[in-house]
Amino acid sequence: MTATQDGHPGRRTDVDKAFLDTATYRSLGEQHLSPREERFEKGRRTVGLVLAPLLGVVFWLLPTGLDGDQHLLAAILLGVIVLWVTEPVPIPIGGFLGIAAIVVLGVAPAEEALAPFGSSTVFTFIGAFILAQAMLKHGVARRFAIFVLSLPGVGRSTFRVVIAFGAITALLSAFVSNTATVAMLLPTAIGILTVIAKLMQDRGEVAADFDPLRLRVGAALMLMLAYGASVGGLLTPVGSPPNLIGRGLIEEATGERISFLDWMIMAAPICGLMFLALAVVVLLLNRPETRRLEGVEEYVAAERAQLGRFSVAERNTLVAFAVTVTLWITPGIVALVAGTDSSAYTSVSGRLDEGVVAILGASLLFLLPTRWADREFTLRWSDAARIDWGTVVLFGTGIIFGSLLESSGLAETLGNGASDRLGLASTFWITAFAVVLAIVVSETTSNTASAAVVVPIVIPIAVAAGINPFVPALAATFAASFGFMLPVSTPQNAVVYGSGTVPITRMIRTGISFDVLGAVLIVLVLPLMVGALGLGG
């Protein structure tokens, strides 16, 4: 039998400690698996150890027609994706092996390959994770969780909890960056999951030594958080970086500008339908162990009484959190008032970079004292050192691969080659191709890079076919925010994967299902909305 969460079979699980000490990768001995699950995990990881180098080498030997560097990069990326999916080594190490291969085999020099690791997104992760650690340590996350669970009608059902939390996420991400939204709500999600896990434990619905990180309700809640942010981010031009990139490229190619209001009217029904599809997919594929949360009102009341008044550490944490969130949403507010074309928006969004804001907010935790006489502050560095550095490393390597896909021309080569072979000649098929290409590219690189790579590919393809590129380019812009299968696909995927509650197999299975449904919705509904608003004429 595999060891339990704390390594002692039969001992009652400390739920709070389990969620405070999470990690992106746990060996089989660190998980509580059934014999069937253990056999599957051993087989998956063993296969990956052999398959990753084998597929990479075989692809490299095939006559693909790609030039030398592009061919070798594609082979390395294929091997790394297999390592990420099968996990024979910790997922961050799979990325490290790919970067080492890129440099050692001469695809790119070390300076060029490693430069994207300094991306603002990496610093967003670091700052947000430190803030989350403080919220978990001092109980602020639990207070937020108790508040959500106490909303009328929400706390009685795990389904309602998951859907309500996803709706809150989607609405916030329309005006705050997707990454920032997920980062700020992650501690609350963990707090909610902690409450549900304790309730199940007290009611005897799980074994005494159960692993709270492997609950299906946890995977459902976290995936709803990540994917809900991506859906909500489509609602406004400032909701996600790909929106601004795509809108700018479309204006440059067609001369037509999409106003803030037109964008929202066009995107609203698409986002609504996507959210419904998301709720169905997430809850069907990650059905919570318990649906009814009977007695949750009493439990919440008891927890609230136990929490008592806010401590100094909690107040300091809230100050740091409030400063960070205020600075994060300020560019969106300026965009609403002055427009995204204004010099005010350009200046504010440039200065209040979300990565810089995140580390500024995290730094406040080391400046706000809890006991000045002892020079004791809200957070110690030993607390910060416990954040999930694996997720930081993982997404950093994903950014590197995305940058090389663009700079080497491999993404453009693949896109143009596929278009030529398919012989696309109608708006429908070019739009469908744009959506599929954007989703595929975004699976292995950030959504921002996907938009920057795919939209410039799609526009000339449409023009060459004698078709207005407005709809295909806009569809590619929307689809660039997809890519839900892997932790490196979007920053928000990486954030929730870092919670330790979403196994890679669940993310892949749920993500590919939502990818397909989302692609269908974009292809079918977006042209109707564009036509109804008289855009793209």
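A few comments on the model shown:
- Restricting segment 212-246 to residues that are open to solvent by 10 Å² or more (accessible area, probe 1.4 Å) and part of a loop (DSSP other than H, G, I, E, B), the residue that is nearest to residue 340 (Cα to Cα): 238
- Looking at 366, 395, 433, 401, just one residue is among the aromatic types (Phe, Trp, Tyr), modelled with pLDDT of 80 or more and not in a loop (DSSP other than H, G, I, E, B), and that residue is 433.
- Of the residues 333, 359, the single one that is under 23 Å from the mean Cα position of the chain (by Cα) and open to solvent by 50 Å² or more (accessible area, probe 1.4 Å) is 359.
- Enumeration of residues in segment 156-171 that are over 17 Å from residue 185 (Cα atoms) and open to solvent by less than 40 Å² (accessible area, probe 1.4 Å): 157, 158, 159
- Sole residue being among the hydrophobic types (A, V, I, L, M, F, W, C), closer than 23 Å to residue 177 by Cα and touching a residue at least 40 places away in the same chain (Cβ under 8 Å), chosen from 471, 502: 502
- Some residue of segment 177-194 being more than 24 Å from the chain's Cα centre (by Cα) and either aromatic (Phe, Trp, Tyr) or surrounded by fewer than 23 Cβ atoms within 10 Å (Cβ to Cβ) (or both): no
- For segment 102-129, residues that are open to solvent by 10 Å² or more (accessible area, probe 1.4 Å) and within 22 Å of residue 497 (Cα to Cα) total 9.
- Odd one out for residue 24 among (1) more than 22 Å from residue 394 (Cβ to Cβ); (2) modelled with pLDDT under 80: (1)
- Test: residue in segment 255-275 that is of a type in the set (Val, Ile, Thr), more than 20 Å from residue 451 (Cα to Cα) and part of a helix (DSSP H, G or I): yes
- Residue in segment 330-337 that is more than 30 Å from residue 437 (Cα to Cα) and among the polar types (S, T, N, Q) present: yes
- From the options 159, 144, 175, residue that is in a loop (DSSP other than H, G, I, E, B) and of a type in the set (Phe, Trp, Tyr): 175
- In segment 474-507, residue farthest from residue 439 (Cα to Cα) [restricted to those that are in contact with an Asp or Glu (Cβ under 7 Å, 6 or more places away or on another chain) and buried (at least 24 other Cβ atoms within 10 Å of the Cβ)]: 498
- Checked against (1) at pLDDT below 85; (2) part of a helix (DSSP H, G or I), residue 64 passes all but condition (2).
- Breaking point among (1) open to solvent by less than 50 Å² (accessible area, probe 1.4 Å); (2) of a type in the set (Gly, Ala, Ser); (3) within 30 Å of residue 130 (Cα to Cα), for residue 382: (1)
- Residue match in segment 85-97 (condition: at pLDDT 90 or above and crowded, with 16+ Cβ neighbours inside 10 Å): yes
- Residue count for segment 52-104, restricted to those that are over 22 Å from residue 412 (Cα atoms) and among the hydroxyl-bearing types (Ser, Thr, Tyr): 1
- Single unsatisfied condition, residue 207 versus (1) within 23 Å of residue 461 (Cβ to Cβ); (2) of a type in the set (A, V, I, L, M); (3) open to solvent by 50 Å² or more (accessible area, probe 1.4 Å): (1)
- Residue 199 vs. criteria more than 28 Å from residue 320 (Cα to Cα) and part of a helix (DSSP H, G or I): yes
The values are calculated or read from the model by the stated rules, or taken from the named source; none is laboratory data. Everything numeric in this text was worked out from a predicted model, so none of it was measured. Positions of Cβ are generated from backbone atoms using ideal geometry, with glycine treated the same way; all protein chains shown enter the neighbour counts. Protein only, heavy atoms only, side chains kept; ligands, DNA and RNA dropped before computing areas. Shrake-Rupley method; radii C 1.70, N 1.55, O 1.52, S 1.80 Å.
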